[in-house]
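Participant: Take this structure, written in structure tokens, and hold onto it; I'll ask about it next.
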Amino acid sequence: MAKPDYVRIVEEVFERYKGKPLIYIGKHILRWDALAKVTGKALFTADFLKLYKNLVWVYSLRTRYAHALIKGVDVSGAERVSGVLKVITANDIPGVNDVGYVIPDQPLLAYKKVRYIGDTIALVVADDPYIAREAAERVHVDYEPLPVYTDPEEIVDLMTLKEKPHTSIHGERDSDIVAHYKIRAGDVEKALREADVVVENKYRTPMQEHAYIEPEAAISIPEPDGGITIITSTQCPFDVRRAVARVLGLPQNMIRVIVPFVGGGFGGKEDVADELGAKAALATYLTGRPAVVVHTREESIIGHSKRHPMVAWYRHAARRDGTLLAVEANILLDTGGYASLGPFVAWRTTVHSTGPYRVSNARIDTLAVYTNTIYSGAFRGFGDPQVQFAVERQMDILAEELGIDPVELRLKNILRAGDRTVHGQLLTEEHGVGLEEAIKKVVEASDWYRKRREYTGERGRLRKGIGIAVGWHGNSIGVEGADYSSVTLIINRDGTITFRTGLMDMGQGSLWGLVLIAAEILGVPPNYFRIEQPDTASTPDAGPTVASRATVMGGNAALVAAYRLRKRINEIASQMLECSPEEIVVEAPRIYCRSDPEKETTWQEVVEQSFWLGVPLQEFGYYRAPRAKWEEETGRGEPYITYTFGAIVSEVTVDLETGQVWVDRAYIAYDIGRVINPVGAEHHAEGGFIQGMGYALMEEVVHSKEGWIYNPNLSTYYIPTMKDTPREFHVFFVEAGYKRGPFGAKGLGEPSIVPVAPSIVNAISHALGIRFYEIPLPPHKIYLLAKKHGLTKI
């Protein structure tokens, strides 16, 4: 089967520019939106409220029980409140009452049963937000409470993986196990018999809140033809369009979704945006007026998905020389009241469950399980940080049992070019496998071996430690769905360029990277481009902005569009300058012949000539990833197009009297193929570390036994501040090059959090000589464990 043209173009560009210096890519260039954001001119969703008159406000009445049957709903009291236009229940939905992301299990408005505290039973639509909130108190709901389950081990036995007797959370299904994925490789029992050392432990990781700076918001506007336009904060505008059309029973071309600047996402604005868009649109559909849904911080924490909590049992077996022989694991992910992206997260968890190591023998079982906690979904890393914490703790414990340095144990077992993953996927040179170089960079920069000796066995109140962790993360969506992207480039008559894509920039600067790619191919400065915000009415579907795919997939689409435009520009210029198209050099505003630089013209003149000649200067760039392969029963195949690899060394100081942990220094190295936007890459590395540090040391959404969230605001849910961040960041990049990435690039958005928590916890373990099996590790836990182990007398 012949290669698609877009694949050929990407590979040709990779070979042409491999190892060569570039003009715009890899350079520090001011980002397109920087000034607008720092001066406060950037408009986010809620800023558009001032543009519309006659707005109605939509308030969500949420359940008082985490698990209960709904026996009846009486809205008459709320409807009598002055200023209330309508109280919407499930009976008012004209289309399908469901916003389930992967499977249809999540009603927009609960009608038979509630499954977590955030479930919405009714929408109160009023002229004023305070009236709507007050009127919601007058809606009477008759409940029949049911048993509440807040731990997946209450549903499934960790060791047998059998479902326990319990009151069904989703009675419409045969089981409260949402998904079950496996890896079966080699002969684990034989490997265990041959092993010199076997290490097995149980690990726990917490539910984590995204804590993005902009809470969720959606504004819907009625259109004269009966359609609805939605302005919303989302990572996936086309998913919002599809969900809203389904709820309203309208064709998708009647729903338009516009996305202004987005104040952070991290995965959290993937699923909840469907819900908010549908709520606002439903109010508009039933009242004929513009409607707005804006979450307070408390509503945001109670009402949008979180990182999946994990409980896992791991067993590693090795020879005395450190050779890894086998990995076994039983992994339970708590997906909460609804599946959301749980089935996809569980699959990615499974794929990464053995770490970036050569593992010939493995048995892995991953289950996503319903509970009555808030539902879990997409969060940076997508199930990978959970298992990398367990794997990297296991590797450190294994190193301790064997008497081998943790770095040396990893170097002995890591994946290199020519190796096969646990799934049997061959990692060729074309993938770019730079993990060894990444490890060596952080080890050398941190002076690992000296500090490891120096900090071992310290005495006194303040103890120092140093730890390492490695990680990997598959690029693209894999078998989760169709993985494609698109970009439209329009060269205007004055030579400026309009850039359109359905991909999102949530603040991470992803679209700027795509502009740099297009600018490099065309030979024009990035300031020639104007990025238009995503609009489903003017931009083809580019797929969701998830899975660290924007730079790779969107970058390839931008590269293809720019490549085709550049060919036309070269043809026109060659006619004007009378030299071959291959001789044309574009260094806008100048264009000249390489063999005779005195033959020159300008970018503007070539563009103008193209209009006179009737040569179109608009191009649609498309790229689709090769199909992933996965065998359900064995976990064999090629789950991802390639992998991003990383290594982190963390240095900590622990105060035994208070339990406080300071992360003093972070040494970070990632193999991202090729650095497109160095400022963005550095900020990703540092931002991912800070978020991962919160995951390791302080962040945890805590539920009561009744399913209520104890800490639904940022005064009780702690995230790192500037005072908590490391005093020093040392960031390095390895450019091993991926042949089917734009100029060789890979993704970094999600990988930048994956190895963080275990590197910190490994450092704390080194400082105190205590083995840790769960996170977070806030001061009181550190203090109590130190006291238990006799490290403090207080």
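The values are calculated or read from the model by the stated rules, or taken from the named source; none is laboratory data. This is a predicted model, so every value here is computed, not measured. For neighbour counting, all protein chains shown are included, and Cβ atoms are generated from backbone atoms with ideal geometry for every residue, glycine included. When the accessible area is computed, the model is the full protein with side chains, heavy atoms only, and any ligands, DNA or RNA have been set aside. Shrake-Rupley method; radii C 1.70, N 1.55, O 1.52, S 1.80 Å.
Participant: Can Ala647 be described as assigned to a helix (DSSP H, G or I) and within 25 Å of Glu408 (Cβ to Cβ)?
Facilitator: no
Participant: Now a separate question. Report the residue count in the stretch 256-268 for those that are touching a strand residue (DSSP E or B) at 6+ places or on another chain (Cβ under 9 Å), surrounded by 24 or more Cβ atoms within 10 Å (Cβ to Cβ) and not in a strand (DSSP E or B).
Facilitator: 3
Participant: Hey, which of the strands (runs of 3 or more DSSP E) in the stretch 573-633, taking only ones fully inside, have at least 3 residues that are under 43 Å from the mean Cα position of the chain (by Cα) and either in the same structural domain as Pro544 (by TED's automatic domain parsing) or more than 16 Å from Ala562 (Cβ to Cβ) (or both)? Full working, then the answer.
Facilitator: Working: elements: 584-587, 590-593, 600-602, 618-624.
Counting at least 3 such residues, we get 584-587, 618-624.
Participant: Still on this structure, please answer the following. Quick one: Glu520 ticks every box in (1) of a type in the set (D, E, K, R); (2) in a helix (DSSP H, G or I); (3) not assigned by TED's automatic domain parsing to the domain that holds Asn556 bar one, so which box is it?
Facilitator: Against the list (1) of a type in the set (D, E, K, R); (2) in a helix (DSSP H, G or I); (3) not assigned by TED's automatic domain parsing to the domain that holds Asn556, Glu520 comes up short only on (3).
Participant: Quick one: how many residues across the stretch 639-677 are over 24 Å from the mean Cα position of the chain (by Cα) and surrounded by fewer than 24 Cβ atoms within 10 Å (Cβ to Cβ)?
Facilitator: 10
Participant: Are any residues in the stretch 45-70 assigned to a loop (DSSP other than H, G, I, E, B) and of a type outside the set (Lys, Arg), and if so, which ones?
Facilitator: Restricting attention to the stretch 45-70, the residues satisfying the condition of being assigned to a loop (DSSP other than H, G, I, E, B) are 52-55, 63-67.
Result: Tyr52, Asn54, Leu55, Thr63, Tyr65, Ala66, His67.
Participant: Name the single residue that is surrounded by the most Cβ atoms within 10 Å (Cβ to Cβ) among those in the stretch 495-510 being farther than 25 Å from Ala685 by Cα and either without any contact (Cβ under 8 Å) to a residue 12 or more places away in the chain or out of contact with any helix residue (DSSP H, G or I) (no Cβ under 7 Å at 6 or more places or on another chain) (or both).
Facilitator: In this case the residue turns out to be Arg500.
Participant: Just to be sure, is Arg363 at negative phi and open to solvent by 10 Å² or more (accessible area, probe 1.4 Å)?
Facilitator: For Arg363, the condition - at negative phi and open to solvent by 10 Å² or more (accessible area, probe 1.4 Å) - is met.
Participant: Report the residue count in the stretch 617-638 for those that are within 20 Å of Thr498 (Cβ to Cβ) and either open to solvent by 70 Å² or more (accessible area, probe 1.4 Å) or hydroxyl-bearing (Ser, Thr, Tyr) (or both).
Facilitator: Looking only at that region, the number is 4.
Participant: Name the single residue that is nearest to Ile219 (Cα to Cα) among those in the stretch 32-46 being open to solvent by 60 Å² or more (accessible area, probe 1.4 Å) and touching a residue at least 40 places away in the same chain (Cβ under 8 Å).
Facilitator: Here the answer is Leu43.
Participant: Can you pull out every residue in the stretch 286-305 that is assigned to a helix (DSSP H, G or I) and crowded, with 24+ Cβ neighbours inside 10 Å?
Facilitator: Ile301, Gly303
Participant: Report yes if Pro145 is open to solvent by 30 Å² or more (accessible area, probe 1.4 Å) and over 24 Å from Ala243 (Cβ atoms), otherwise no. Even if it seems obvious, please write down each step before you answer.
Facilitator: Details: open to solvent by 30 Å² or more (accessible area, probe 1.4 Å): yes; over 24 Å from Ala243 (Cβ atoms): yes.
Here the answer is yes, as Pro145 does meet what is asked.
Participant: Next up: Would you please name the residue that is nearest to His431 (Cα to Cα), looking only at residues in the stretch 492-511 that are modelled with pLDDT of 95 or more and in contact with a Phe, Trp or Tyr (Cβ under 9 Å, 6 or more places away or on another chain)?
Facilitator: So, considering only residues that are modelled with pLDDT of 95 or more and in contact with a Phe, Trp or Tyr (Cβ under 9 Å, 6 or more places away or on another chain), the one nearest to His431 (Cα to Cα) is Phe499.
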